[in-house]
Amino acid sequence: VVSNPTLFFVTKTLIYGSLQIKRAMTSLFVYNEFTTNITLQKESLLMDIIHYLLQLIQYLYQQNCWLIMFICRYIPLRQWAFDDSHSPKYQKFKTDELPLITDFRQGWTYKEFIPYIEKRYGKKIRPVNRRSECDIPEGCSCPRCDAPMPYLYKNNGSKGQVLCKVCDARFSPKDSRFSSMKLRCPHCGNALVPKKDRKHFVLHKCVNPKCPYYLHNLKKVDKKDLNESYGKNKYKLHYIYRQFTVDFFKMDLNSLPKHASSLKFSKFDSHVMSLCLTLHVNLSLSLRKTSQALKDLYGITISHQQIANYCRTAAVCIKPFADSFDYGAGSTFTADETYIKVRGLKTYVWFIMDAAKRSILGYQVSDNRGVGPCIMAMRMAFRHFKELPENFRFIADGYSAYPLAAQQFFHEFGESFKFNITQVIGLANGDEVSKEFRPFKQMIERLNRTYKASYRPTNGFDSIDGANYDLALWVAYYNFLRPHKHNNYRPLNKVEMLEGADNMPGKWQLLILLGQQTILKMQHPSAA
């Protein structure tokens, strides 16, 4: 502070103003005590003094407010939290609030409205007395009061507008403003216009040039870009809403993968199958190296394709148990996505883990980086929650899919699942939020590297189903079998049945048994 003379002067003035307020308040307290002992003749003089002191306090308060605003605007201080996110360049990564929904349809019909008008005003609404042939189709009805064709007539001749005699609604049979609900901008109230039709959603945009949200963002744009012909297209200025055409909350999370082989062994037994899982999943050996290790160590000749069949069948059995297990999650989740290769193309893997126990709560493999797989992974992580715990925190990077998924949870379930995304932006601690929550981001990044180390010997997958099978087995191993330094080299989650096994192949067989029991409970809940 001393090195900056302007800041030193303003700070000194601010402290002086605070002392004056304190002195004024002390004088006011003394005079209030003094008024109890004086006579009625001096009350007018004391009221004048009190009035003067109150005016002085208000004046000093205004000076302090002015000085604080001066410091915030013109004196460079330490960067505030998320100060860079206020830049218009970061506006495209923000998720706008939900729109307003207007519905012009009434809660009554023409059968209720006609008797009401007749009883209240003595006026009976009769069908239209037509003097010429009507070309309104018989199936046409008023979208507002459901009045049939006899109560409708052409309002503007051959131009197509129809007027309802019951409720005076004007509409077009082809495109009616009453036919569906309207989405409106929450800032200006104008109807949103559908602009782009994507794979899973329709993008609606507010095109009002006088919208206060648009004008506020336009003020922050660099003037050099405004002088260019398409300079404003570099920024997200208008209000945007994504209306999803696919309901990701109705998709089944418990569906089992297909094309799994039987557990009836003809040449080998369950012990050989568990040996294959131990070498392939625990030791991160490829399928061919696992086949070679079984031959060199145990004299078992088995093909790599048979090992892949065993892994796929084990994943079908174990996945329901690992997904439906109650991990006792805490109030802090962290999430991130990484990519793998499927036939040489990028495929994305989403992880959501509990920051306290380090257990993987949600995971998903997808061929795109949209919000749909993010919602599915969040549903897996929240499946044991009826409502979010207090002080819940969801930590992720600056990718816009996470705030959009959180908005959809609030839209679907209301206040019980309303949460904000704490975004750790960039690789350096450029703001206070990133500095505070960087360890959580490093935690999920370390999980990504651990998974990629086991994935690397596979040299990619041939299909997304193969990636799903491999990921399901690895998540079960990570949560129930892998020793963790964080937990004193013990598994993260304790299962009593697994404690009785002496070796790792026996634990894999018990995991398959637990998975089979979970599948029976899913198929026959009453018997369970």
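Where a number appears in this text, it was derived from the coordinates with a stated rule and is not lab data. Everything quoted here is computed from the prediction, not taken from an experiment. Heads up, the Cβs are rebuilt from the backbone with ideal geometry, glycines too, and the neighbour counts pull from every protein chain shown.
So which GluC sites (Glu not before Pro) in the stretch 99-152 end up in coil per DSSP with only 15 or fewer other C-beta atoms within 10 Å?
Numbers: sites: 112, 118, 133, 138; in loops: 133, 138.
Here the GluC sites (Glu not before Pro) that fit, given the DSSP loop and packing criteria, are 133, 138.
Centroid-to-centroid, using Cα positions, the stretch 322-392 and the stretch 450-510 are 16 Å apart.
Express in nm, to one decimal, how much length is gained between residue 456 and residue 200 on full extension, taking 0.36 nm for each residue of separation and deducting their alpha carbon distance. The partial results should precede the final answer.
On the way: separation 256, 0.36 × 256 = 92.16 nm, distance 3.14 nm.
So the extension gain works out to 89.0 nm.
A DSSP coil position with no more than 14 other Cβ atoms inside 10 Å describes the following trypsin sites (Lys or Arg not before Pro) in the stretch 272-359: 343. Remark: spin-label model distance residue 119-residue 489 equals 8.5 nm, labels positioned 7 Å along the Cα→Cβ axis. In terms of distances greater than 24 angstrom between alpha carbons, the cross-link table entries 159/210; 199/418; 92/196 yield 159/210; 199/418. With the cut-off at 1.5 for a/c, could you classify the stretch 327-460 from its C-alpha gyration tensor as rounded, prolate or oblate? It comes out prolate by the Cα gyration axes. Modelled this way, with points 7 Å down the Cα-to-C-beta line, the labels at residue 158 and residue 216 are 5.1 nm from one another.
Normalised by the number of residues in the stretch 327-460, the average gap of Cα pairs under 8 Å and 6 or more apart makes the relative contact order 23 percent. The trypsin sites (Lys or Arg not before Pro) found in the stretch 109-211 that occupy coil by DSSP, while having at most 13 further C-beta atoms within 10 Å, are 123, 124, 130, 131, 174, 198, 199, 210.
Report the full-extension gain for the segment residue 297 to residue 503: residue separation times 0.36 nm, less the Cα-Cα distance, to one decimal in nm.
Working: separation 206, 0.36 × 206 = 74.16 nm, distance 1.66 nm.
Going from the current span to full extension adds 72.5 nm.
Return the Rg/Rh ratio of the stretch 425-528 with Cα-based radii and a Kirkwood Rh. Here Rg/Rh amounts to 1.08. The alpha carbon gyration tensor of the stretch 243-356 gives principal lengths a ≥ b ≥ c with a/c of 1.5 or higher and a/b greater than b/c, which makes the shape prolate.
Residues in the stretch 451-459 carry Karplus couplings, in order, of 5, 5, 5, 7, 7, 4, x, 6, 6 Hz; the curve used is 6.51 cos²θ - 1.76 cosθ + 1.60 with θ = phi - 60°, and Gly or Pro positions show x.
Return, ordered by residue number, the residues of the stretch 301-315 whose backbone nitrogen is under 19 Å from a label point located 7 Å along Cα→Cβ of residue 267. In the stretch 301-315, the label zone of residue 267 (backbone N under 19 Å from the point 7 Å along Cα→Cβ) covers 301-314.
Pull up the DSSP beta bridges for the stretch 327-460 and report the antiparallel fraction as a percent, rounded to 5. If we restrict to bridges inside the stretch 327-460, about 75 percent are antiparallel.
Set the bar at 31 Å for Cα to Cα. Now go through 264/289; 295/521; 195/441; 182/223 and name every pair that lies beyond it. Don't jump to the answer; show the numbers that get you there.
Details: 264/289 25 Å; 295/521 38 Å; 195/441 35 Å; 182/223 35 Å.
Too far apart for the 31 Å limit: 295/521; 195/441; 182/223.
Given 319/346; 89/224; 123/165; 205/236; 89/232, which pairs have Cα atoms separated by over 18 Å? Provide the component values of the computation, followed by the final result.
On the way: 319/346 24 Å; 89/224 14 Å; 123/165 13 Å; 205/236 11 Å; 89/232 11 Å.
From 319/346; 89/224; 123/165; 205/236; 89/232, over 18 Å: 319/346.
Give the cross-link partners of residue 111 among the aspartates and glutamates, using a straight C-alpha distance below 17 Å as the criterion and excluding same-chain residues fewer than 8 apart. Of all the aspartates and glutamates, those that pass the test against residue 111 - Cα under 17 Å, at least 8 places apart if same chain - are 146, 168.
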